[in-house]
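*Asks:* Before I ask anything, let me first share the structure, which is written out below as structure tokens.
The values are calculated or read from the model by the stated rules, or taken from the named source; none is laboratory data. The shown structure was predicted, so the numbers you read here are calculated from the model rather than taken from an experiment. Because the Cβ atoms are built from the backbone with ideal geometry, glycine has one as well, and the counts that use them run over all protein chains shown.
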Amino acid sequence: MDVPIHVIRYFCVLAEELHFGRAAARLQITPPSLSQQISRLEDQIGVRLFDRTPRKVELTTFGRDLLPLARRVQDDHDQVLAWARSTRRDLEAPSLRVGVVAAGAGTLTTNAIATTLQRTPKARIEMRRLGFFDVIDDLDSGRADVVFAPWPLRLPPRIRVEPLWSEPRVLVVPAGHPLADRSSISILETADEVFVTAAGGHPEIVNWWVVDPRPDGSRPRRGPTADSVEGILELVAAGAGVNVAGNSAASHYRRDELAYVAIDDIEPATIVLCSLADAPNPMVKAFRETARSLSPLPDITVSRQPEL
């Protein structure tokens, strides 16, 4: 037995109105057509659902039993349609998955997203926090369309790299550390420190961040490692060592247990926007252009390292 959903709806409306004329008007069909549809339903089920007289229409016992079931079917069908419409809207809306490593490009990250939403109000932006060395996997898998990440990185040619942001590097120390109250230091003043570093990274990248070797030829002492910014900062706060980070970490990861001290004599960190060079998502190109238009950096390139 197959009862079409529109017949279920006809039955429910007639059960509410108990009048063929009013029910037909609500359904935008003629009363004879409604009567014919109800009669077919009754014949199909094998019982009378309404008692009809020239003066009134009433539900039979069978009709009263069917009504809550029919309403449930109608409501479920309406929910399915609403879900389908919502899903179609979501699929049709332009979307962009934005990955961020550490603090990203500071305020430029926020401004680029805000400007994109202003220009494309229906766009769906999804944010994703990435580990230090997840850029390639997340772009290749589609988990991210664009990624803000600190340079240097080791990336294959299929990944486009655009420098957007430059910021000084700072020494991250526990709040009670002897250097915590200084406004700035030289990297050579950290010779006695133990450095917390990122786990699993290529040695050349880790060496750049901890400035190994130093200008005087000395090498920093390595200590514990962590696979996330949060893990590194937790180790620093616990007194396990110090760390070198971009200056935006001071505002992005502000904690009472930590102090951020400018390092005067090392090159700044550069934040780049990474994306697949042949990204099929049209939002990627638009976002690249938006980010570049907001960037304070001149049009420069970064020296690419060979892929691992």
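*Asks:* Spot the failing condition for Ile263; the list is (1) closer than 24 Å to Leu153 by Cα; (2) modelled with pLDDT under 95, and only one is missed.
*Replies:* Looking at each condition in turn, Ile263 falls short on (2).
*Asks:* Does Val13 satisfy being at pLDDT 90 or above, in contact with a Lys or Arg (Cβ under 8 Å, 6 or more places away or on another chain) and assigned by TED's automatic domain parsing to the domain that holds Glu162?
*Replies:* Against the criterion (at pLDDT 90 or above, in contact with a Lys or Arg (Cβ under 8 Å, 6 or more places away or on another chain) and assigned by TED's automatic domain parsing to the domain that holds Glu162), Val13 does not qualify.
*Asks:* Could you identify the single residue in Ala105, Ala114, Ala15 that is under 30 Å from Leu273 (Cβ atoms), part of a helix (DSSP H, G or I) and hydrophobic (A, V, I, L, M, F, W, C)?
*Replies:* Checking each option against the conditions leaves just Ala114.
The rows are residues; the columns are (1) touching a residue at least 24 places away in the same chain (Cβ under 8 Å); (2) under 28 Å from Val236 (Cα atoms).
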position	(1), (2)
Lys122	yes, no
Ile125	yes, no
Arg129	yes, yes
Ala144	yes, no
Trp151	yes, yes
Ile159	yes, no
Pro168	yes, yes
Val172	yes, yes
Gly176	no, yes
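*Asks:* Which residue pairs have Cβ atoms under 6 Å apart, sit 6 or more places apart or on different chains, and have a first residue in region 35-47 that is assigned to a helix (DSSP H, G or I) and a second that is surrounded by fewer than 17 Cβ atoms within 10 Å (Cβ to Cβ) and not aliphatic (A, V, I, L, M)?
*Replies:* Listed pairs, sorted by first residue: Glu42/Arg48.
*Asks:* Now a separate question. So how many residues does region 77-99 have that are modelled with pLDDT of 70 or more and not hydrophobic (A, V, I, L, M, F, W, C)?
*Replies:* 8
*Asks:* For region 57-85, which positions are touching a residue at least 24 places away in the same chain (Cβ under 8 Å), in contact with a strand residue (DSSP E or B) (Cβ under 8 Å, 6 or more places away or on another chain) and not acidic (Asp, Glu)?
*Replies:* Val57, Leu59, Gly63, Leu67
*Asks:* A follow-up question, please. Grab the helices (runs of 4 or more DSSP H) fully contained in region 191-288, keeping just those with 3 or more residues being in the same structural domain as Arg129 (by TED's automatic domain parsing), more than 25 Å from Ser166 (Cα to Cα) and in contact (Cβ under 8 Å) with a residue 40 or more places away in the chain.
*Replies:* none
*Asks:* Tell me whether region 149-168 contains one or more residues that are over 29 Å from Met127 (Cα atoms) and among the aliphatic types (A, V, I, L, M).
*Replies:* Within region 149-168, not a single residue is over 29 Å from Met127 (Cα atoms) and among the aliphatic types (A, V, I, L, M).
*Asks:* Output the residues belonging to region 53-70 that are part of a loop (DSSP other than H, G, I, E, B) and either touching a Lys or Arg at 6+ places or on another chain (Cβ under 6 Å) or not basic (Lys, Arg) (or both).
*Replies:* Thr53, Pro54, Thr60 - these are the residues of region 53-70 that are part of a loop (DSSP other than H, G, I, E, B) and either touching a Lys or Arg at 6+ places or on another chain (Cβ under 6 Å) or not basic (Lys, Arg) (or both).
*Asks:* Which one is surrounded by the fewest Cβ atoms within 10 Å (Cβ to Cβ) among residues in region 243-274 that are in contact with a Leu (Cβ under 7 Å, 6 or more places away or on another chain) and either among the hydroxyl-bearing types (Ser, Thr, Tyr) or closer than 24 Å to Asn111 by Cβ (or both)?
*Replies:* Step by step, filter region 243-274, then rank; the result is Tyr253.
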